[in-house]
1. Determine which single condition Thr161 fails, assuming it passes every other condition in (1) touching a strand residue (DSSP E or B) at 6+ places or on another chain (Cβ under 6 Å); (2) modelled with pLDDT under 95; (3) among the β-branched types (Val, Ile, Thr).
2. Quick one: what pairs do we get from the stretch 147-161, first residue within 22 Å of Thr46 (Cα to Cα) and hydroxyl-bearing (Ser, Thr, Tyr), second modelled with pLDDT of 95 or more and part of a loop (DSSP other than H, G, I, E, B), C-beta under 9 Å, 6+ apart or different chains?
3. Tally up the residues in the stretch 90-110 that are outside any loop (DSSP other than H, G, I, E, B) and open to solvent by 50 Å² or more (accessible area, probe 1.4 Å), please.
4. If we keep just the residues of the stretch 66-83 that are in contact with a helix residue (DSSP H, G or I) (Cβ under 9 Å, 6 or more places away or on another chain) and open to solvent by 10 Å² or more (accessible area, probe 1.4 Å), which is nearest to Val27 (Cα to Cα)?
5. If I ask for residues that are open to solvent by 30 Å² or more (accessible area, probe 1.4 Å) and either in a loop (DSSP other than H, G, I, E, B) or within 14 Å of Arg87 (Cα to Cα) (or both), which ones from the stretch 111-123 would you list?
6. Have a look at Ala43, Ala56, Ala9 and point out the one that is at pLDDT 70 or above, within 21 Å of Ser85 (Cβ to Cβ) and surrounded by 18 or more Cβ atoms within 10 Å (Cβ to Cβ).
7. Go through the stretch 147-161 and report how many residues are part of a helix (DSSP H, G or I) and either open to solvent by 20 Å² or more (accessible area, probe 1.4 Å) or in contact with a Lys or Arg (Cβ under 8 Å, 6 or more places away or on another chain) (or both).
8. So, in the stretch 73-89, of the ones that are over 23 Å from Gln61 (Cβ atoms) and either assigned to a loop (DSSP other than H, G, I, E, B) or hydrophobic (A, V, I, L, M, F, W, C) (or both), which residue ends up farthest from the chain's Cα centre (by Cα)?
Amino acid sequence: MKRLLVALASFALLAQPAIAQQGDAIVQFEAEDPAMNAAIAEARSTLPQFFGEFNAAPVSQRDAFLVKVGMPVEGGGHEHIWVGSLRRENGQLIGALANEPNWMPGMHLGSRVVIDETLISDWSIHSPEGIYGSYTTRVMLPHLDPNEAAQVRAMLSRSPT
């Protein structure tokens, strides 16, 4: 049975950079998990809103924008990992891994990646009101240690949009 491997902590990269560097918590979900798949579908349906905000933001504020991408891994499947430092180059979305991957040999925190936009599974925008988006993170909350879940919940915006 295929599993979705979803990194948690790096969505908080801007608020707590040490978390991402120490190795992010990975929460596994079955590929057919209805709550996770609904979160991914909702995140994907709101990508036009995310990219509208990203395109309108001054370059100096674009570090507040991240996407989670299902990066292919050896042996099949995908590791869903946050990517930041987003920019467009020659019509392609480029970024840097925002956390240390677990199943992507040769790739590390900060590795440059070309993003296949069809593989985006989530997005986040860091703002003074909290972190918008992070649909998959919101689904992970009940699966976390209660103290960690409370810390994450405190960083999220009241609503994803």
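1. The failed condition is (1).
2. Ser157/Ser134; Thr161/Thr46
3. First, pick out the residues of the stretch 90-110 that are outside any loop (DSSP other than H, G, I, E, B): 92-97.
From the residues that got through so far, the ones that are open to solvent by 50 Å² or more (accessible area, probe 1.4 Å) too are 92.
Qualifying residue count for the region: 1.
4. His80
5. The first filter runs over the stretch 111-123 and keeps only residues open to solvent by 30 Å² or more (accessible area, probe 1.4 Å), leaving 112, 114, 116-119.
Of everything in the stretch 111-123, those that are open to solvent by 30 Å² or more (accessible area, probe 1.4 Å) and either in a loop (DSSP other than H, G, I, E, B) or within 14 Å of Arg87 (Cα to Cα) (or both) turn out to be Arg112, Val114, Asp116, Glu117.
6. Values: Ala56 fails: surrounded by 18 or more Cβ atoms within 10 Å (Cβ to Cβ); Ala9 fails: at pLDDT 70 or above.
One residue alone meets the criteria, Ala43.
7. Restricting attention to the stretch 147-161, the residues satisfying the condition of being part of a helix (DSSP H, G or I) are 147-155.
Those still in the list that are either open to solvent by 20 Å² or more (accessible area, probe 1.4 Å) or in contact with a Lys or Arg (Cβ under 8 Å, 6 or more places away or on another chain) (or both) too: 147-148, 150-151, 153-155.
The number of residues fulfilling the criteria is 7.
8. First, pick out the residues of the stretch 73-89 that are over 23 Å from Gln61 (Cβ atoms): 73-80.
With either assigned to a loop (DSSP other than H, G, I, E, B) or hydrophobic (A, V, I, L, M, F, W, C) (or both) added as a condition, the list becomes 73-77.
Numbers: Val73: 17, Glu74: 20, Gly75: 22, Gly76: 20, Gly77: 17 Å.
Ranking the candidates gives Gly75 first.
The values are calculated or read from the model by the stated rules, or taken from the named source; none is laboratory data. Treat the numbers as computed from the prediction; the structure is a model and nothing was measured. Quick reminder, even Gly has a Cβ in these numbers, built from the backbone with ideal geometry, and neighbours come from all protein chains shown. Surface areas here come from the heavy atoms of the whole protein model, side chains and all, with no ligands, DNA or RNA. Shrake-Rupley method; radii C 1.70, N 1.55, O 1.52, S 1.80 Å.
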